Amino acid sequence: DPAKDADGQTAVNAGRLLRGEPCPWPATPAGIVEMLHRSGNPPAGKHVVVCGRSNIVGKPVAAILMQKSDRANATVTLCHTGTRDLPSYTRQADILIAAMGRAGIITADMVKPGAVVLDVGNNWVDDPTRKSGRRLTGDVDYETVRQVASAITPVPGGVGPMTIAMLLSNTVWLAERQAGRG
């Protein structure tokens with residue numbers, strides 16, 4: 001039921017999102033937009049490069065950020081694992097969103113100095129120093145990219161908690177609409 005779709009993933013809500021109509025935004029893209037605004041990095045007028053074309057993050061965040069609204073209004077380029085010469089695109093980004101599902105694919109030489117980098121990657125890599133033998137890491141080589149970027153999100157602890165917060169926000173928004181208050 002689209003009226004109960006707190007994830008913003010039904011076909012109806014995806015269509016509403018693309019049309020710029022009121023709907024619950026998918027939680028991770030909503031968290032990204034919120035982080036940009038609250039950190040003083042609004043996307044309006046900026047070139048945003050989204051690396052990843054998933055239905056959960058890449059496509060919806062691109063759709064949101066290209067909307068004519070006070071929360072978006074960016075020029076958006078969407079890249080993916082099949083993009084030829086990916087660095088030529090990422091180096092143009094004022095805001096770079098990495099959501100390709102490949103650990104460390106974004107390196108410092110791929111980032112424009114002063115860019116804002118949001119790492120949405122969720123990758124498990126081997127780490128013999130950990131009891132579990134693995135650790136969670138993002139799509140961005142954090143240690144090198146943080147030397148170039150003006151702001152960067154860590155993994156874990158960056159976009160993930162915002163996803164949870166936005167899911168709760170969507171739940172409240174949908175409940176208020178059903179109660180006739182939204």
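Quick notes
- Gyration tensor verdict on region 123-182 (Cα atoms; rounded if a/c is under 1.5, prolate if a/b is larger than b/c, oblate otherwise): oblate
- Convex hull of the chain built on C-alpha atoms - directionally averaged projected area, nm²: 11.3
- Whole-number accessible area per residue in Å² for region 3-67, which is evaluated in the context of all protein chains at 1.4 Å: 44
- For the residues G45, G133, G31, a GNM of the chain with alpha-carbon springs under 10 Å puts the largest fluctuation on G133.
- Ordering Q178, G160, M35 by Cα displacement along the dipole of the chain toward the positive end leaves Q178 in first place; charges were set at the Cβ atoms of Lys, Arg (+1) and Asp, Glu (-1).
- Viscosity 1.567 mPa s, temperature 4 °C, Stokes-Einstein D of region 25-67 from Kirkwood C-alpha radius, µm²/s: 123
- About its Cα centre, the chain has a charge dipole of approximately 160 debye under the convention of +1 per Lys or Arg Cβ and -1 per Asp or Glu Cβ, with nothing else charged.
- Cα shape, region 92-168, gyration tensor, a/c 1.5 rule: oblate
- Kirkwood-type radius of region 74-117, with distances r between different C-alpha atoms, in Å: 10.8
- By accessible area, using a 1.4 Å probe on protein heavy atoms only, the chain has 51% of its surface on carbon and sulfur.
The values are calculated or read from the model by the stated rules, or taken from the named source; none is laboratory data. All values derive from a computational prediction rather than experimental measurement. Glycine gets a Cβ as well: all are built from the backbone with ideal geometry, and neighbour counts include every protein chain shown. Surface accessibility is based on the protein's heavy atoms, side chains included, excluding ligands, DNA and RNA. Shrake-Rupley method; radii C 1.70, N 1.55, O 1.52, S 1.80 Å.
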